[in-house]
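Take a look at the structure set out below.
The values are calculated or read from the model by the stated rules, or taken from the named source; none is laboratory data. Values in this document were obtained by computation on a predicted structure and should not be read as measured data. Cβ coordinates were reconstructed from backbone atoms using ideal geometry, including for glycine residues, and neighbour counts include every protein chain displayed. Surface accessibility is based on the protein's heavy atoms, side chains included, excluding ligands, DNA and RNA. Shrake-Rupley method; radii C 1.70, N 1.55, O 1.52, S 1.80 Å.
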Amino acid sequence: MCSLVDLMDRLASTPTRDEWGVLHDGQLTRRGLTRGTIDQRVDTCRLTRLHDGVFAWGHSVLTREGRWLAALWACGRGAVLSHTTAAAFHGLAAEVGTDVHVSTTRSIASRPGIVVHRVRRLAPADVKRVGLLRVTPVARTVVDYADAAAWDELRAAVDALRWFSPAALRAAQQRAPGRHGRGRITRLLDADEAHTKSVLERRFLGFVRRYGLPRPDGLNVRVAGLKADCHYAAPRLVVELDGRSYH
């Protein structure tokens, strides 16, 4: 049977379901715990310190969302999930390791479990809020991911997206000049391949360039409620590119 102290501790320290088992010290002090009692709970393993000022309730086995939230809280106001972590969030790539990549304009250093990317500016268009998480949107994530990914990895990641905007990618690149992956992003855009989903679609674009045919206005876009492989707006034409596996 739990004692009254145990019940009070649980009331003070149990996070909500949306917080994935993670708390920060501000929540604990607002619920009646002093700094001294917080340290005491850490010493007795009732709280597990994840980062300075960030805790788990009696354990350190977290979901990836819990690790992401803990890293954001540890890095403070304005931090966003970015690079390979944001790529995992958006389904661009599988998460490798347990380090959380965070971008911030603040002068803070990386620490165990958190890789900090210092940026001069994060425009509102480069920040997306999903519940308690802040993450770079897809276009900015692709720009960041290009710094670390090889061309084939970047190509495959973009091809796997359900929807993508080359114009948004171009704008995101302009807001983040001087990046190591700039050449790969330019290659995506200049090749007119910003969102082809198959080798056949890329070969089709090469075909129309080679023979001077009109290029599609959109690739893998929705037309009349259905997804079209290639869409020509002016003649109101849709070209579908299906391989042998569909016939």
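Some values worked out for this structure:
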{"read-out": "The range 205-227 - residue that is open to solvent by less than 60 Å² (accessible area, probe 1.4 Å) and in contact with a strand residue (DSSP E or B) (Cβ under 7 Å, 6 or more places away or on another chain) and, of those, nearest to ALA160 (Cα to Cα)", "value": "ASN220"}
{"read-out": "Residues located in the range 16-54, provided they are in a helix (DSSP H, G or I), of a type in the set (S, T, N, Q) and open to solvent by 20 Å² or more (accessible area, probe 1.4 Å)", "value": "THR29, THR37, GLN40"}
{"read-out": "Near pairs, Cβ below 6 angstrom, 6+ apart or cross-chain, from the range 204-218 (over 13 Å from VAL239 (Cα atoms) and in contact (Cβ under 8 Å) with a residue 60 or more places away in the chain) to any residue that is among the acidic types (Asp, Glu) and open to solvent by less than 70 Å² (accessible area, probe 1.4 Å)", "value": "none"}
{"read-out": "Hey, ARG121 touching a Lys or Arg at 6+ places or on another chain (Cβ under 9 Å), open to solvent by 60 Å² or more (accessible area, probe 1.4 Å), under 23 Å from TRP68 (Cα atoms) and not hydrophobic (A, V, I, L, M, F, W, C) or not", "value": "yes"}
{"read-out": "Extreme residue, farthest from ARG129 (Cα to Cα), among residues of the range 91-111 that are modelled with pLDDT of 95 or more, within 13 Å of the chain's Cα centre (by Cα) and not hydrophobic (A, V, I, L, M, F, W, C)", "value": "HIS101"}
{"read-out": "The range 166-184, subset assigned to a loop (DSSP other than H, G, I, E, B) and closer than 16 Å to TRP151 by Cβ, residue most open to solvent (accessible area, probe 1.4 Å)", "value": "HIS180"}
{"read-out": "Residues satisfying the stated conditions in the range 228-247, i.e. open to solvent by 50 Å² or more (accessible area, probe 1.4 Å), modelled with pLDDT of 85 or more and under 18 Å from LYS197 (Cβ atoms)", "value": "VAL238, GLU240"}
{"read-out": "Breaking point among (1) at pLDDT below 95; (2) of a type in the set (Asp, Glu); (3) in contact with a Lys or Arg (Cβ under 7 Å, 6 or more places away or on another chain), for ASP152", "value": "(3)"}
{"read-out": "Failed condition for HIS195, given (1) outside any helix (DSSP H, G or I); (2) modelled with pLDDT of 95 or more", "value": "(2)"}
{"read-out": "Those residues of the range 76-116 which are within 20 Å of ALA157 (Cβ to Cβ), exposed (fewer than 15 other Cβ atoms within 10 Å of the Cβ) and either in contact with an Asp or Glu (Cβ under 9 Å, 6 or more places away or on another chain) or touching a residue at least 12 places away in the same chain (Cβ under 8 Å) (or both), in sequence order", "value": "GLY91, VAL96"}
{"read-out": "Residue check, LEU161 closer than 28 Å to CYS75 by Cβ, of a type in the set (A, V, I, L, M, F, W, C) and modelled with pLDDT under 85", "value": "yes"}
{"read-out": "Search result, residues across the range 135-165 that are in a helix (DSSP H, G or I) and among the aliphatic types (A, V, I, L, M)", "value": "VAL138, ALA139, VAL142, VAL143, LEU154, ALA156, ALA157, VAL158"}
